[in-house]
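Trainee: What follows is a structure written as structure tokens; I'll ask about it next.
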Amino acid sequence: ITKGNVVQGHSLSLETTGSITEAGKADNTFTALVRDAEEKDVTDNYEFVAKLGALTVQPKKISLLSDTAVKVYDGTPLTCENWKLSSDSALLTGHKISARASGSQTVVGQSKNSLTDVLIADGEKDVTYNYSVTLLPGDLVVTPRPLTVRSASDSKLYDGSPLTNENWEIVSETK
């Protein structure tokens, strides 16, 4: 009671009826009952001004990590669809998660292996909003393709003209 009081000999009891299960905010409602000394209900003799508290369910924090992949340049895109929940993250029992790693790197260099299309379900019901999901992308790294190339050797007697030989061969390459 923040203001006022019940008549002497009366007793006030409250039953809180507010409840929230999903992430969000709700009023902490209540029902009041006032009884006199003979335990007779005299609630109608009082006017209640409710100052409702708030019930807040915070989304559960989880982190998803996409894998890092590395390959030597071969002219085709490097992708990696693998991802996982971080070791300090857990879903509620019965909840299932799906996501898609969408990165791609074809040329020598590095890019992020981003995660998209995150969905958390409880059976057929989408409950993603009950989670605060942090996406931690891995890296896609394409390294230069090593080649060992040998140019031809040649010789001649000095005659005032340039000596050239355009022959060469690949000695080794990465398969």
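Trainee: Could we say that residue 88 is charged (D, E, K, R) and over 30 Å from residue 170 (Cβ atoms) here?
Mentor: Spelling it out, residue 88 is indeed charged (D, E, K, R) and over 30 Å from residue 170 (Cβ atoms).
Trainee: Follow-up. Condition check: touching a residue at least 40 places away in the same chain (Cβ under 8 Å), in contact with a strand residue (DSSP E or B) (Cβ under 8 Å, 6 or more places away or on another chain) and among the small types (Gly, Ala, Ser). Does residue 138 satisfy that?
Mentor: yes
Trainee: Does region 87-99 include one or more residues that are within 30 Å of residue 22 (Cβ to Cβ), in contact (Cβ under 8 Å) with a residue 60 or more places away in the chain, open to solvent by 60 Å² or more (accessible area, probe 1.4 Å) and under 22 Å from the mean Cα position of the chain (by Cα)?
Mentor: Scanning region 87-99 turns up no residue that is within 30 Å of residue 22 (Cβ to Cβ), in contact (Cβ under 8 Å) with a residue 60 or more places away in the chain, open to solvent by 60 Å² or more (accessible area, probe 1.4 Å) and under 22 Å from the mean Cα position of the chain (by Cα).
Trainee: Let me ask something else about it. Report the residue count in region 17-38 for those that are out of contact with any Ser or Thr (no Cβ under 9 Å at 6 or more places or on another chain) and under 22 Å from residue 5 (Cβ atoms).
Mentor: Selection size over region 17-38: 1.
Trainee: Still on this model: Please verify whether region 157-168 includes one or more residues that are within 30 Å of residue 77 (Cβ to Cβ) and outside any strand (DSSP E or B).
Mentor: No, that holds for no residue.
Trainee: Just the residues that are free of Cβ contacts under 8 Å to residues at least 12 places away in the same chain and surrounded by 10 or more Cβ atoms within 10 Å (Cβ to Cβ), please, taken from region 157-175.
Mentor: If the condition is that a residue be free of Cβ contacts under 8 Å to residues at least 12 places away in the same chain and surrounded by 10 or more Cβ atoms within 10 Å (Cβ to Cβ), then 163 is the only one that fits.
Trainee: How about region 1-28: which of its residues are in contact with a Leu (Cβ under 6 Å, 6 or more places away or on another chain) and closer than 30 Å to residue 126 by Cβ?
Mentor: 18, 20, 26, 27, 28
Trainee: Please list, ordered by residue number, the strands (runs of 3 or more DSSP E) wholly in region 1-84 having 2 or more residues that are open to solvent by less than 50 Å² (accessible area, probe 1.4 Å).
Mentor: 24-28, 30-35, 53-57, 60-66, 69-72
Trainee: While we're on this one: So, of the residues in region 49-86 that are free of Cβ contacts under 8 Å to residues at least 24 places away in the same chain and closer than 21 Å to residue 122 by Cα, which turns out to be farthest from the chain's Cα centre (by Cα)?
Mentor: Result: 84.
Residue-by-condition table, conditions (1) in contact with a Phe, Trp or Tyr (Cβ under 9 Å, 6 or more places away or on another chain); (2) within 28 Å of residue 138 (Cβ to Cβ); (3) β-branched (Val, Ile, Thr):
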| site | (1), (2), (3) |
| --- | --- |
| 11 | no, no, no |
| 50 | yes, no, no |
| 60 | yes, yes, no |
| 96 | no, yes, no |
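Trainee: Still on this structure, please answer the following. State the number of residues belonging to region 85-129 that are assigned to a strand (DSSP E or B) and not aliphatic (A, V, I, L, M).
Mentor: Of the residues in region 85-129, 15 are assigned to a strand (DSSP E or B) and not aliphatic (A, V, I, L, M).
Trainee: I would also like to ask the following. Suppose we filter 117, 122, 154 for residues that are open to solvent by 80 Å² or more (accessible area, probe 1.4 Å) and either within 30 Å of residue 60 (Cβ to Cβ) or in contact with a helix residue (DSSP H, G or I) (Cβ under 9 Å, 6 or more places away or on another chain) (or both); which single one remains?
Mentor: Going through 117, 122, 154 in turn, the sole match is 117.
Trainee: Here's a follow-up. Kindly evaluate residue 54 against the criterion of being small (Gly, Ala, Ser) and within 30 Å of residue 85 (Cβ to Cβ).
Mentor: no
Trainee: Restricting to region 125-151, name every residue that is at pLDDT 95 or above, more than 14 Å from residue 62 (Cα to Cα) and of a type in the set (S, T, N, Q).
Mentor: Once the filter is applied, which keeps residues that are at pLDDT 95 or above, more than 14 Å from residue 62 (Cα to Cα) and of a type in the set (S, T, N, Q), region 125-151 yields only 143.
The values are calculated or read from the model by the stated rules, or taken from the named source; none is laboratory data. Fair warning: this is a prediction, and the values are worked out from it, not measured in the lab. Here Cβ is always computed from backbone atoms with ideal geometry, including for glycine, and neighbour counts include all displayed protein chains. Surface accessibility is based on the protein's heavy atoms, side chains included, excluding ligands, DNA and RNA. Shrake-Rupley method; radii C 1.70, N 1.55, O 1.52, S 1.80 Å.
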